[in-house]
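Report on one structure; see the data block that follows.
The values are calculated or read from the model by the stated rules, or taken from the named source; none is laboratory data. Here the structure is a predicted model, which means the values were calculated and not measured. Counting neighbours? That spans all protein chains shown, and the Cβs are built from the backbone with ideal geometry, glycine included.
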Amino acid sequence: MGASALGGIALQRGESINALWIVTAAVCVYALGYRFYSAWVAANLLVLDGTRATPAMRLNNGRDFVPTNRWIVFGHHFAAIAGPGPLIGPTLAAQFGYLPGLLWILIGGVLGGCVQDMTILFLSTRRDGRSLGKMARDELGPVGGYAAMIGTLLILVILIAVLGLVVVNAMQHSPWATATVFATIPIALLIGVYLRNIRPGRVIEASVLGVSLLMLAVVGGGWIADDATLARLFDLDALQLAWFVMGYGFAAAIVPVWLLLAPRDYLSTFLKIGTVVLLAVAVVWMHPQIKMPAVTQFVDGSGPVFGGKIFPFVFITIACGAISGFHALVASGTTPKLIGNELDVRPIGYGSMMLESFVAVIALIAATLLDPGVYFAINSPGGLVGTTAEAAVQTISSWGFPVTADQMHALAAQMGELSLFARTGGAPSLAVGMATIFSSAFGERLLAVWYHFAIMFEAVFILTTLDAGTRVGRFMLQDFLGHAWKPMGETSWYPSVLISSAIVVAGWGYFLYVGVIDPNGGVNILWPLFGIANQMLAAIALSVATGILVKQGKLRLAWITGVPLAWLAIVTTTAAWQKVFAVEPRIGFLAGANDLAAKLAAGVLPAKQAAIAPQLIFNQRFDAVLTVFFAAILWIVIIDALRICRRVASGRAVMPSTEAAYVEIANDPAVARS
Amino acid sequence: MTVSAARAGVLERCGVALREATAKIGSVGRAAWRAVRHGAGDDAYERYLAHHAQCHADAPPLDRRQYYLERQRRKWDGVQRCC
């Protein structure tokens, strides 16, 4: 059936195909991957042992270590790994057409991402839930360990910056979206107080209350947008919003978790699961036609959404959904401490990632069911296609994707927005796609409400990641600074909290600021940087996994993690090389900086652009240095892992395994299921 | 006489079947509600109390609010959310 669905896609090349074919093909690929490949890997490479007591059983303390039902752990793990990433990446990569993204999501997911998540979850479960960085230090040596740690901190900074940029682009000059997103903050605070003081720990009540208030905020945003005075209050430009996001991130990192982070996370988890299910049902129910061609001419690198050829950039743009290094951090955190039976590692590790990959497929469908002209009009920055509606539609239509200014104005009016031109970052075009699907399935007249529901949904996700990421970055930095001066390492000492939070926010705030002032839309620069960082982390995780498995005598099966590792090493290194050295100014950072510097010197830039040009030039050079640094970290870890493998192959001594000793499961049901 | 007895028998059986069906729906509903509460973490405090009574009966347990705050503090002490 999978073959016939893929065949369906193949046969219909050149004419529009139905989304149902894509969903069917995806589900079949996942079913095959799970039933055969994951079972084979679990049995031969990992050798999962259902009689072996898991850390949750051996160390059960009722708090961190608690043996938990596999479906519950599945839900928690999925909620932890699935954020805005799999929604944004596929939307941006849709500029190449639907086929490249789809194939990479399916193949990369089944053979790469799912295997990575399952393997890291397994290794951490066998090591009492140790983190990736700790496993790297214990098993490979200090070099790999520190590289993994620094890599994590940097990826956090870039991730938060790019997500902040996505939110800012979705809110700028949109009173409705801005009012709704702002309203989520007092709602989260209210729920926080409710959960702490009014009805402590009653999560379901609080979430139902919170989600109803969020719905009210979506509708209420519309009333605000209709009122001229109030609308002006919430009609903010990108720079104002960027400062707001930075201030918010700083505040969120220093207030107690119960006040803002915990309630926001409950709300976003409820919304996330509800919306993903709703979207999947609506796609199957409506089975819309895909309007984007299978492959567009932009595979040659001239794409307006971001510059760069299909290889390597489709593999960088879609990280979450195919393979994401960040998952390795989550899979070596809380989840291994909850696993009730080692056999659960397969459904939880492989299965959760499969579901996230499916979310990415749905996002790809939502982006490609739009008229390609509309898709490009929303996602192309003004600096590239022209800042007036007439100029933009002319440029885009000249690429062979006809669109008219009237069509865009009508669409914006339907969505309750002033304009949908150059709303880069993926969120607005995804929201238009989602609103189109939802409204055709559940009522045409609510298009504008659905659009802002989708924006609110993405913003809630993103702000949760922003809160949590800033806080984790703060902890890591405090840990780091604690080595230099002891009091800085105390996570509850207020001066240290303030200083380290400010440093972290300044770190991502810088990239956010530059992204906002860049007339070519900072997404063009930041998203590839994020992709490179995320794939670098995945390659680090796979190196650690390969090194450990080879130490355990699995040299002949090392290709299972080794092949995805090699692929990522090739992709990431090529992308890093091109981002630094390519002569095309839209792709190479150095070429971009030189191009701008030459224009500035020749005096051909308009005054407004000339004023910010020095900052942009500096930023591009800085990004080049950062990219080189990422590539260097990556190769240090790979070489370290190869060194271990060679020592094992030639029978020399390596660091001892830190796997916890085998303990058989006790037959006491009270211990086995708590 | 026999007709009305038969009728009563049928009614009796219908009543039993109905009661059984209601009980079945009720128990499925309760199980589903338990699963939802467990999944959302709504019953975390009750689970903690059960664990505490079993393993640390000598010390007094935390109250609901202390337990909730402690749980949040531990939960957000590391990487919990991905992109």
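Miscellaneous remarks
- Check on residue A:155, modelled with pLDDT under 90, under 30 Å from residue A:523 (Cβ atoms), touching a Leu at 6+ places or on another chain (Cβ under 6 Å) and of a type in the set (A, V, I, L, M, F, W, C): yes
- Cross-chain or 6+ apart pairs with Cβ under 8 Å, the range A:316-329 first and under 15 Å from residue A:101 (Cβ atoms), then among the aromatic types (Phe, Trp, Tyr) and assigned to a helix (DSSP H, G or I): A:317/A:527; A:318/A:104; A:319/A:530; A:320/A:326; A:322/A:104; A:322/A:315
- Some residue of the range B:67-83 being more than 8 Å from chain A (Cβ to nearest Cβ), farther than 30 Å from residue A:163 by Cα, assigned to a helix (DSSP H, G or I) and free of Cβ contacts under 8 Å to residues at least 24 places away in the same chain: no
- Taking the conditions (1) surrounded by 24 or more Cβ atoms within 10 Å (Cβ to Cβ); (2) in contact with a Lys or Arg (Cβ under 9 Å, 6 or more places away or on another chain) in turn, residue A:146 satisfies each one other than (1).
- When residue A:46 is tested against (1) more than 14 Å from every other protein chain (Cβ to nearest Cβ); (2) in contact with a His (Cβ under 7 Å, 6 or more places away or on another chain), just one condition goes unmet, and that condition is (2).
Residues checked against (1) surrounded by fewer than 20 Cβ atoms within 10 Å (Cβ to Cβ); (2) among the β-branched types (Val, Ile, Thr); (3) over 24 Å from the mean Cα position of the chain (by Cα):
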| residue | (1), (2), (3) |
| --- | --- |
| A:504 | no, yes, no |
| A:516 | no, yes, no |
| A:522 | no, no, no |
| A:551 | no, no, yes |
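- Cross-chain or 6+ apart pairs with Cβ under 7 Å, the range A:45-67 first and on the phi > 0 side of the Ramachandran plot, then loosely packed, with under 14 Cβ neighbours inside 10 Å and part of a loop (DSSP other than H, G, I, E, B): none
- Checked against (1) under 19 Å from residue A:366 (Cα atoms); (2) outside any loop (DSSP other than H, G, I, E, B), residue A:319 meets all criteria but (2).
Here's the yes/no breakdown for (1) closer than 26 Å to residue A:319 by Cβ; (2) in a helix (DSSP H, G or I); (3) small (Gly, Ala, Ser):
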{"site": "A:550", "(1), (2), (3)": "yes, yes, no"}
{"site": "A:556", "(1), (2), (3)": "no, yes, no"}
{"site": "A:566", "(1), (2), (3)": "yes, yes, yes"}
{"site": "A:613", "(1), (2), (3)": "no, yes, yes"}
{"site": "A:632", "(1), (2), (3)": "yes, yes, yes"}
{"site": "A:637", "(1), (2), (3)": "yes, yes, no"}
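- Taking the numbered list (1) surrounded by fewer than 24 Cβ atoms within 10 Å (Cβ to Cβ); (2) more than 23 Å from residue A:273 (Cβ to Cβ) in turn, residue A:376 passes all entries but (1).
- Scanning the range A:570-595 for residues that are touching a Leu at 6+ places or on another chain (Cβ under 7 Å) and either modelled with pLDDT under 95 or crowded, with 19+ Cβ neighbours inside 10 Å (or both) yields a total of 2.
- In the set (1) part of a loop (DSSP other than H, G, I, E, B); (2) modelled with pLDDT of 85 or more; (3) surrounded by 17 or more Cβ atoms within 10 Å (Cβ to Cβ), residue B:38 fails one condition alone, (1).
- Selection status of residue A:88, at the interface with chain B (Cβ under 10 Å from one of its Cβ atoms), buried (at least 24 other Cβ atoms within 10 Å of the Cβ) and among the β-branched types (Val, Ile, Thr): yes
- If the condition is being in a loop (DSSP other than H, G, I, E, B) and free of Cβ contacts under 8 Å to residues at least 24 places away in the same chain, then the range A:168-201 contributes A:199, A:200, A:201.
- Residue that is more than 15 Å from the chain's Cα centre (by Cα) and among the hydrophobic types (A, V, I, L, M, F, W, C), where the choices are B:40, B:31, B:53: B:53
- Some residue of the range A:323-342 being closer than 30 Å to residue A:47 by Cα, touching a Leu at 6+ places or on another chain (Cβ under 6 Å) and more than 14 Å from chain B (Cβ to nearest Cβ): yes
- Filtered by the rule that a residue be surrounded by 16 or more Cβ atoms within 10 Å (Cβ to Cβ), within 12 Å of chain B (Cβ to nearest Cβ) and not small (Gly, Ala, Ser), the range A:187-204 gives A:194, A:195, A:196, A:200, A:202, A:203, A:204.
Conditions tested, residue by residue: (1) within 14 Å of another protein chain (Cβ to nearest Cβ); (2) of a type in the set (A, V, I, L, M); (3) touching a helix residue (DSSP H, G or I) at 6+ places or on another chain (Cβ under 8 Å).
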position	(1), (2), (3)
A:455	no, yes, yes
A:459	no, yes, yes
A:468	yes, yes, yes
A:499	no, yes, yes
A:518	no, no, yes
A:538	yes, yes, yes
A:545	no, yes, yes
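- Yes/no for residue A:72 being in a helix (DSSP H, G or I), buried (at least 24 other Cβ atoms within 10 Å of the Cβ), at the interface with chain B (Cβ under 9 Å from one of its Cβ atoms) and not aromatic (Phe, Trp, Tyr): no
- Filtered residues of the range A:206-229 (kept if within 25 Å of residue B:46 (Cβ to Cβ) and more than 8 Å from chain B (Cβ to nearest Cβ)): A:206, A:208, A:209, A:210, A:211
- For the range A:416-427, the criterion of a residue being surrounded by 24 or more Cβ atoms within 10 Å (Cβ to Cβ), in a helix (DSSP H, G or I) and under 23 Å from the mean Cα position of the chain (by Cα) is satisfied by at least one position.
- Looking at A:539, A:558, A:506, just one residue is modelled with pLDDT of 90 or more and under 30 Å from residue A:609 (Cβ atoms), and that residue is A:506.
- Taken over the range A:281-307, the criterion of being surrounded by fewer than 24 Cβ atoms within 10 Å (Cβ to Cβ) and small (Gly, Ala, Ser) is satisfied by A:282, A:294, A:301, A:302.
- Residue A:398, sole failed condition from (1) polar (S, T, N, Q); (2) more than 23 Å from residue A:177 (Cβ to Cβ); (3) buried (at least 22 other Cβ atoms within 10 Å of the Cβ): (3)
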